[in-house]
Every structure is written in C-alpha cells, then in structure tokens.
Amino acid sequence: MKDSYTIHEIAALYGVGPDALRYYERLGLVKPRRGENSYRIYDLNDIYRLTIIRDLRSLGFSMERIGEYLKDLSVANTLQLLDEERRLIREKMRALRAAEGAIRARVRHLQACAAVEGGGISLVELPPRPCLRLNADIARDEEMDFAIKRLHRRHEDTIRDLGGQKIGASIAPEDIRAGKIGLYRSVFFLLDEGATGDFTLPGGRYACLYYRGSYRQLGARVAELFRWARKQGLSPTGDVLELYPIDDRFTAREEEFLTQLQVRVEPGAPLEAH
C-alpha cells in the first residue's frame, strides 16, 4: 500500500476537485508536505482526515463544525461528535421514511386512477374540504402552470411534494353562462381533512364526471355534466371544479391524462351550459 499520494491521486480517490483539497488546506484541516517542484504530497494522516471530512459532509456537518473537531481531536470530542452523527442519521431516517410514504401514496393514487373509466357520472356526498387557494384569471395552459407554481411557492414550507398534491381549478358560474369555458378564476390545493387552509370548499352533493385525454374536451364535458344534472332534476350551484388526478406531473402522454369535473347540485332547475 502506498504511504503518500499526489493531489490528483487524492482528488480521484475521494471524488473531489483539487480546488476543494486546497480549500481544506487553507482551513488547516489537512497539511500536505511539499515534494519535488513544490508538489503537494498527502500522507496516511491526511487520508484519514479527508475520510472524516467526506463522511461528516455527507451527513450535513458544516465545514466550521468539522474544523472544530479536527483541530481538537480527543476521545471526549469524538464521543460528542458521534452523538451528533447519530442524531443527524435519525433525522435523515425520518425524512427517508416520509419520502417513502409519499412514494407509496403516489403509487396507490396512480394504480387507483388506472382503474377509473372516463365518461362515468356519479352523484356523491362530499364533506367541507379545506384548501389553499390562489385567485387569478387563467386562460392558457402556461398561465395555469405558472399559477400552480406561485401557489406552491407561497406554501412550500408546508407543501413540499407538489407531485403528490391534489390540485384543482375553478370555473365561475357567470363564465359558464357566458360560454367562457376554459377561463379559470383560481387554482387550489386540496388538503387532508382536519388541516387548516385559507379557503373551504362547501360540503354537499356533487355531480362528478371523469374524462381522459385532452383538456380541449372541457366545454363538451361541462355540457354533458349539466345535461345529466338536468335529467336528475338537479341545479348546479357555485363554481365548476376541475381536478387533475393524472396530469403532466405524471405523464407526457395526453391520452393518459385523467381529469375530474365536480359541481355542487341542489334540487331545482339547472344552470344552462353553452
């Protein structure tokens, strides 16, 4: 086994650039000796210290904390550092378990959506649903994506996984009466029951329709939903809600998109859709 290495050999061994090694040297964390032509030569003690730096950096330790430790190596300081390492590892394990749970939920969601047949209409009773909402007039797909990103940015401290979020948009009844299908008044994230949002969708009976494929079907699908409600002797009230169980977060294939329309209904003459 070699007992000394050049800066380029060490850089290749540890997967770091020579600039990083020079930075460690400026901090006093390693002290290579100088060989011929003033080339840096790293010995086994430097290698040991570089291993510590690499391992602690991988756990998220700051260079300042690593420097404090390496400048005062002792059993007591090593025991303290090991306690810190154990705490950080536990935090990472909790984060990984949460990430795994989010992946499992997304898998269940996609598997359930795969079993949904487009075109079916049903009447369901829904509870009040807490939401986070962004009010904005949206007329194009690019504006919708931008609005969703703005809403996420506003709440990214509490909503970290945009891919697993239940996303929707609302169409105002006056726009439906005017035939302005495709003009949205807000986007929203549906939250879990019991969560605190800034808006609540009212509970009640909702007529719901799923469809697959292009969003260009929206006008025809809204009209279909309203015709169905009329036949049931029901009157749509409030906004039409468009939810996106499968959208471009999950697939680039338009034919795989799954969209749900919801509208709250009451007994009576329905609002006409154009």
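The values are calculated or read from the model by the stated rules, or taken from the named source; none is laboratory data. The structure displayed is predicted, hence computed values, not measured ones. Positions of Cβ are generated from backbone atoms using ideal geometry, with glycine treated the same way; all protein chains shown enter the neighbour counts. For accessibility, only protein heavy atoms count, side chains too; no ligands or nucleic acids. Shrake-Rupley method; radii C 1.70, N 1.55, O 1.52, S 1.80 Å.
Among the residues of the stretch 221-252, those identified as assigned to a helix (DSSP H, G or I) and over 23 Å from ASP145 (Cβ atoms) are ALA223, GLU224, LEU225, PHE226, ARG227, TRP228, ALA229, ARG230, LYS231.
Restricting attention to the stretch 203-213, report how many residues are within 12 Å of GLU125 (Cβ to Cβ), open to solvent by less than 60 Å² (accessible area, probe 1.4 Å) and not small (Gly, Ala, Ser).
Counting residues in the stretch 203-213 that are within 12 Å of GLU125 (Cβ to Cβ), open to solvent by less than 60 Å² (accessible area, probe 1.4 Å) and not small (Gly, Ala, Ser) gives 2.
Every condition in (1) open to solvent by 60 Å² or more (accessible area, probe 1.4 Å); (2) within 25 Å of GLU100 (Cβ to Cβ) is met by GLU174 except one, and the failing one is (2).
Is it fair to say LEU59 is within 38 Å of the chain's Cα centre (by Cα), among the hydrophobic types (A, V, I, L, M, F, W, C) and surrounded by fewer than 13 Cβ atoms within 10 Å (Cβ to Cβ)? When the stated conditions are applied, LEU59 does not pass them. Return yes or no: is ARG154 free of Cβ contacts under 8 Å to residues at least 24 places away in the same chain, farther than 23 Å from LEU218 by Cβ and not small (Gly, Ala, Ser)? So ARG154 fits the description; yes.
Looking only at residues in the stretch 25-56 that are hydroxyl-bearing (Ser, Thr, Tyr) and open to solvent by 30 Å² or more (accessible area, probe 1.4 Å), which one is nearest to ASP72 (Cα to Cα)? Spell out the reasoning first.
Initially, the stretch 25-56 is screened for residues hydroxyl-bearing (Ser, Thr, Tyr), giving 38-39, 42, 48, 51.
Checking the rest, the ones that are also open to solvent by 30 Å² or more (accessible area, probe 1.4 Å) come to 38-39, 48, 51.
Numbers: SER38: 28, TYR39: 28, TYR48: 15, THR51: 17 Å.
Per the stated criteria, the residue is TYR48.
Considering the stretch 76-135, the residues that are open to solvent by less than 100 Å² (accessible area, probe 1.4 Å) and among the basic types (Lys, Arg) include one that is farthest from the chain's Cα centre (by Cα), namely ARG129.
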